[in-house]
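The values are calculated or read from the model by the stated rules, or taken from the named source; none is laboratory data. Predicted model only: the values in this text are computed from it and were never measured. Using ideal geometry, Cβ is built from the backbone for each residue, glycine included, and neighbour counts are taken over all protein chains shown.
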Amino acid sequence: MVQEELLHQYLAKWQDILRLRDWDIRLMLVDIEWRKTGDIKIDEDDKNAILMINAANPKKENLEEVIIHELLHIKLWGLDQMLERLLFTVFGKDENDPKFDFAYTQFMVLIESTVEDLTKSFLAMGGTNKELSFGRVQLLVNEELDKAREKLKQAS
């Protein structure tokens with residue numbers, strides 16, 4: 001069960017640490033089935049953002065980690081948008097173009113892995129719960145072990 005008050009505490013704490021006090025950030029709990037654990041929608045001009053947290057079925061256990069991750073997207077937003085515009089200028093916006101697809105995919109992987117590395121660092125330095133979430137990779141492990149158990153059942 002997601003504790004909304006605790007999420008508000010994490011948001012306030014990390015807004016201070018990440019120097020985002022000049023931003024108006026609303027926390028929104030998503031109570032429908034959703035493929036993500038968190039997301040953030042940003043209006044850079046007005047310094048507004050809505051941080052969305054999956055309250056129905058979070059894919060990660062440590063929601064403080066998710067909040068840090070999404071807030072770091074605000075810190076990197078200008079760089080993110082500049083690079084995205086550069087990609088569009090160089091490659092156009094044709095998602096079927098293999099050159100565009102390659103460049104855009106590499107950019108997205110790089111920005112997400114950078115945000116995740118920074119998240120882990122901040123969590124280690126100041127997190128209330130320093131335990132990392134292993135969400136997607138844990139699902140892969142569970143699937144692998146389920147298959148192995150099923151083969152054992154069939155063999156016996």
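Assorted remarks:
- When Asn54, Asn96 are checked against the criterion of being under 14 Å from the mean Cα position of the chain (by Cα), polar (S, T, N, Q) and more than 16 Å from Glu116 (Cβ to Cβ), a single residue qualifies: Asn54.
- Output for segment 1-23, where each listed residue is among the acidic types (Asp, Glu) and surrounded by 11 or more Cβ atoms within 10 Å (Cβ to Cβ): Glu4
- Just one residue in the set Ile111, Ile74 is closer than 18 Å to Asp39 by Cβ and touching a residue at least 40 places away in the same chain (Cβ under 8 Å); that residue is Ile74.
- Failed item, numbered, when Lys93 is tested on (1) in a helix (DSSP H, G or I); (2) closer than 27 Å to Asn48 by Cβ; (3) modelled with pLDDT under 90: (1)
- Identity of the residue in segment 87-128, out of contact with any helix residue (DSSP H, G or I) (no Cβ under 7 Å at 6 or more places or on another chain) and among the aliphatic types (A, V, I, L, M), that ends up farthest from Tyr10 (Cα to Cα): Val90
- Scanning segment 1-48 for residues being in a strand (DSSP E or B), closer than 20 Å to Glu112 by Cα and in contact with a helix residue (DSSP H, G or I) (Cβ under 6 Å, 6 or more places away or on another chain) gives a total of 3.
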